[in-house]
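Heads up: the structure comes next, in structure tokens.
The values are calculated or read from the model by the stated rules, or taken from the named source; none is laboratory data. Owing to the predicted nature of the structure, the values given are computational and were not obtained by experimental measurement. Every residue, glycine among them, receives a Cβ derived from its backbone with ideal geometry; neighbour counts consider all protein chains shown. Just so you know, the surface numbers come from the protein's heavy atoms only, side chains and all, with ligands and any DNA or RNA stripped out. Shrake-Rupley method; radii C 1.70, N 1.55, O 1.52, S 1.80 Å.
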Amino acid sequence: MEFFKSIGGFIMTPLYLAISAILLGWHKLWGGLFGDTTGVAWVLSIIGLTLVIRALLIPLFVKQIKSSRNMQLLQPKVKELREKYGHDRERFAQEQMKLFRETKTNPFSSCLPLIIQMPVFLALFRLIDQAAKDPTVERGLMTETLNRQFGDAVFLGAKISDTFLTTDNVGVRVLAAVLVLGMTATTFLTQRQLMSKNMPADALTGPYAQQQKLLLYVLPLVFAVGGIAFPIGVLFYWTTSNLWTMGQQFYVIRNNPAPNTEAFRAKQERDAEKRRRKGLADPEAPDAAASPTPLATEQTRTPPRQQPRNQTRSQRKKGGSKPGAPRVHPTTPDQGDNS
């Protein structure tokens, strides 16, 4: 056990330093406005910590979106491989991994932001829990004084270190229940937003769809059950993180949706409407310059050659000396010349 404790301490010590440094940086800002010991200052510091962590995870989120999109678009090919090698699981797995390598798709990238956040979540949990249970134990940059302020800070009648299970105060339980429901609802809505708006019809069937449905229903349930043991401060962290994910995912789905999805068709309609308001031609419509209108064709057509008018012999004599005069043929004989 001592070996595992030393390994855990080796991993968690840098996290304690990083988390406490970001947390105290925000606390210096909000503590100057609301007071160092107030719950508002500490809650806003936790929210600030969340925003910094999620901003640092943006590159991983972009990688997650690309991987998730590739997985969706590859589902028809995966289905073909399953039909071809369904009788041989080993061969099917080999061909599937080959397909993933050729398309540079990592099926586990969709879980990266969640996996990376778990150590941060655990470090914050331990900081809050230890601040309440034993303020004399200093972790990271948290001194004994800061631990006491952190553990005893009150927000909306509840200590930041309180949980739904460790308090008899009805108001604290109500606040904790609201935060647990908010954390659960945002987790569910984030996953549902991805499935309903940014997944093609082919990706809604098969093992990949089953995996997404599992995340849709099981993950919120896990958070709902586990949330009753989370401190109020940790609930604020996770709910804020879920709201960030919803907003970030909404922006990506709206502006860069996967092909052949509801979000993709909605973006095409918005783009077409913008072009109509600006008076621009639809690029998908036939080129107007390549197919002129009948009126323009009639105006630009070369006029037919006109035959000269017939003239009498006397008229020809009068105009014959003029250079370039057209030669004409009479239509009516001149009676005076025939006599």
Considering only the range 9-17, I want to know if a residue exists there that is among the β-branched types (Val, Ile, Thr), in a helix (DSSP H, G or I) and surrounded by 15 or more Cβ atoms within 10 Å (Cβ to Cβ).
no
Would you call residue 54 exposed (fewer than 15 other Cβ atoms within 10 Å of the Cβ) and either out of contact with any Gly (no Cβ under 9 Å at 6 or more places or on another chain) or of a type in the set (Asp, Glu) (or both)?
no
Picking from 220, 283, 303, the residue that is modelled with pLDDT under 85 and over 26 Å from the mean Cα position of the chain (by Cα) would be 303
Filter the range 218-262 for residues that are open to solvent by 30 Å² or more (accessible area, probe 1.4 Å), outside any helix (DSSP H, G or I) and among the β-branched types (Val, Ile, Thr) and give the result.
228
Quick check on the range 84-116: of everything there that is open to solvent by less than 50 Å² (accessible area, probe 1.4 Å) and either modelled with pLDDT of 80 or more or among the basic types (Lys, Arg) (or both), which residue is nearest to residue 66 (Cα to Cα)?
100
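Filtering the range 65-83 down to residues that are in contact with a Gly (Cβ under 9 Å, 6 or more places away or on another chain) and open to solvent by 40 Å² or more (accessible area, probe 1.4 Å), which residue is farthest from residue 52 (Cα to Cα)?
Top of the filtered list is 82.
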